[in-house]
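*Asks:* Please find one structure pasted underneath; my questions will follow.
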């Protein structure tokens with residue numbers, strides 16, 4: 001298992017994203033990243049910032065979408081401080097175009113992408 005950051009070296013950044021450490025913040029709606037994944041396993045973890053929980057209203061949680069070859073794998077509101085999703089799980093290597101996009105408006109709903117977890121032989125490259 002290896003960890004791969006979502007950054008401009010590994011992905012095509014979409015919109016105004018903000019990188020800090022190995023994390024990528026999706027602040028405005030329509031922001032995210034796109035990449036070509038070749039491998040057997042791809043897991044992603046997404047968090048929301050602490051402002052999402054200030055007043056206890058679920059309308060402040062970020063809504064995200066993850067697509068593989070144009071098909072939705074994940075399309076939901078991030079309701080927990082961090083959520084992990086299995087995007088690809090295969091016995092043989094597959095190649096897929098992956099797109100991660102924040103769908104919700106900017107106010108009080110920052111989504112933070114953490115490093116991808118992949119199999120040791122996987123490759124992530126900009127789309």
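*Asks:* Which one, (1) 31, 20, 10; (2) 39, 14, 10; (3) 25, 14, 13, gives semi-axes √(5λ) of the Cα gyration tensor in Å as derived from the coordinates shown?
*Replies:* The value matching this structure is (3).
*Asks:* By its C-alpha gyration tensor, with a ≥ b ≥ c as the square roots of the eigenvalues, how is the range 84-127 shaped: rounded for a/c under 1.5, else prolate for a/b larger than b/c, else oblate?
*Replies:* Prolate, since a/c reaches 1.5 and a/b exceeds b/c.
*Asks:* Cut-off is 10 Å between beta-carbons; in what order do 112, 27 appear when sorted fewest neighbours first?
*Replies:* By the 10 Å Cβ count, ascending, the order reads 27, 112.
*Asks:* Further question: Among 20, 6, 35, 72, which comes first, then next, by fewest other beta-carbon atoms within 10 Å?
*Replies:* Listing 20, 6, 35, 72 from fewest to most nearby Cβ atoms yields 20, 72, 35, 6.
*Asks:* Which order results if 31, 95 are arranged by neighbouring Cβ count within 10 Å, fewest first?
*Replies:* Exposure proxy ranking, most exposed first: 95, 31.
*Asks:* Between residue 94 and residue 79, what is 0.36 nm times their sequence separation minus the Cα-Cα distance? Round to one decimal in nm.
*Replies:* 2.4 nm
No lab work stands behind these numbers, since they all come straight from the coordinates. Predicted model only: the values in this text are computed from it and were never measured. Methodologically, a virtual Cβ is constructed for each residue, glycine included, from the backbone with ideal geometry; neighbour enumeration extends over all protein chains shown.
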